[in-house]
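The values are calculated or read from the model by the stated rules, or taken from the named source; none is laboratory data. Quantities reported herein were computed from a predicted structural model and do not represent experimental measurements. Using ideal geometry, Cβ is built from the backbone for each residue, glycine included, and neighbour counts are taken over all protein chains shown. We work out accessible area using only protein heavy atoms, side chains counted, and drop any ligands, DNA or RNA first. Shrake-Rupley method; radii C 1.70, N 1.55, O 1.52, S 1.80 Å.
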Amino acid sequence: DAGVIQSPRHEVTEMGQEVTLRCKPISGHDYLFWYRQTMMRGLELLIYFNNNVPIDDSGMPEDRFSAKMPNASFSTLKIQPSEPRDSAVYFCASSPRGRTMNTEAFFGQGTRLTVV
Amino acid sequence: AQKITQTQPGMFVQEKEAVTLDCTYDTSDPSYGLFWYKQPSSGEMIFLIYQGSYDQQNATEGRYSLNFQKARKSANLVISASQLGDSAMYFCAMREGNTGKLIFGQGTTLQVKP
């Protein structure tokens, strides 16, 4: 398997524009996580899905952020409108079926978002 | 509430010496897993080691070992015989068995000096 695939790897956009980040999890994995990494706040969990269903979105910063998982092989994180403070590295991770407590998450390479 | 804390923003260690990176956690779920990840300057997240809440023995993986003290709710990572390539950011993480939620600490930057 190719691992978790995120696109784009880098995104530069102007304030106010819509940004869509994409993630393809590892086939057969039933958990999908979205994280945001900044120097100030570390690695924050934004939202996670189990079997395509959002379980906990309490980490989503505000209504400008939304995430979907229309099927087992694709998820999106959308920011509309984007602001400079959204600049960060966004990671997607997936984990396989099994006892959740002992299964690690596999990470994508991340998307570095810069909002100017 | 589920919480994980790394109190050391940065650490230095001499090459070939051992180093301990601290991690404490809190959860009301009796079933949980503790993980350590390494993030080199290239940015990828690399899984290092896992410890389950019911495991009786501390986990080891090569030069990595996890000092698990359940009563103290700590899960410190010990790296023996440090190498220059160990210079990176290290994250402690916890996953609750009941929810599957996986959260991370703030991270510790480790620099290995030659």
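Can you confirm whether the range B:78-95 contains a residue that is modelled with pLDDT under 95, more than 18 Å from A:Leu43 (Cα to Cα) and out of contact with any Lys or Arg (no Cβ under 7 Å at 6 or more places or on another chain)? No: zero hits. Of the residues making up the range A:33-68, just one is of a type in the set (Lys, Arg), open to solvent by less than 80 Å² (accessible area, probe 1.4 Å) and more than 20 Å from A:Glu104 (Cα to Cα), namely A:Arg64. Going residue by residue through the range B:44-59, is there one that turns out to be more than 10 Å from chain A (Cβ to nearest Cβ), in a strand (DSSP E or B) and under 10 Å from the mean Cα position of the chain (by Cα)? No; the residues of the range B:44-59 include none that is more than 10 Å from chain A (Cβ to nearest Cβ), in a strand (DSSP E or B) and under 10 Å from the mean Cα position of the chain (by Cα).
Screening A:Cys23 on (1) part of a strand (DSSP E or B); (2) open to solvent by 20 Å² or more (accessible area, probe 1.4 Å) shows it passes everything except condition (2). Of all residues in the range A:1-11, those satisfying the criterion of being loosely packed, with under 13 Cβ neighbours inside 10 Å and out of contact with any Lys or Arg (no Cβ under 6 Å at 6 or more places or on another chain) are A:Asp1, A:Ala2, A:Arg9.
Residues in the range B:60-102 that are under 11 Å from the mean Cα position of the chain (by Cα), free of Cβ contacts under 8 Å to residues at least 40 places away in the same chain and within 14 Å of chain A (Cβ to nearest Cβ): 3 in all. Within the range A:67-116, the residues that satisfy the criterion of being part of a strand (DSSP E or B), more than 14 Å from every other protein chain (Cβ to nearest Cβ) and out of contact with any Asp or Glu (no Cβ under 9 Å at 6 or more places or on another chain) are A:Lys68, A:Met69, A:Pro70, A:Asn71, A:Phe74, A:Ser75, A:Thr76, A:Leu77.
For the range A:71-83, the criterion of a residue being small (Gly, Ala, Ser), in contact (Cβ under 8 Å) with a residue 60 or more places away in the chain and open to solvent by less than 20 Å² (accessible area, probe 1.4 Å) is satisfied by at least one position. Has the range B:7-24 got any residue that is within 9 Å of chain A (Cβ to nearest Cβ) and at pLDDT below 95? Checking the range B:7-24: not a single residue is within 9 Å of chain A (Cβ to nearest Cβ) and at pLDDT below 95. The set of residues in the range A:54-66 that are assigned to a strand (DSSP E or B) and either farther than 22 Å from A:Thr13 by Cβ or within 11 Å of another protein chain (Cβ to nearest Cβ) (or both) comprises A:Pro54, A:Ile55, A:Asp56.
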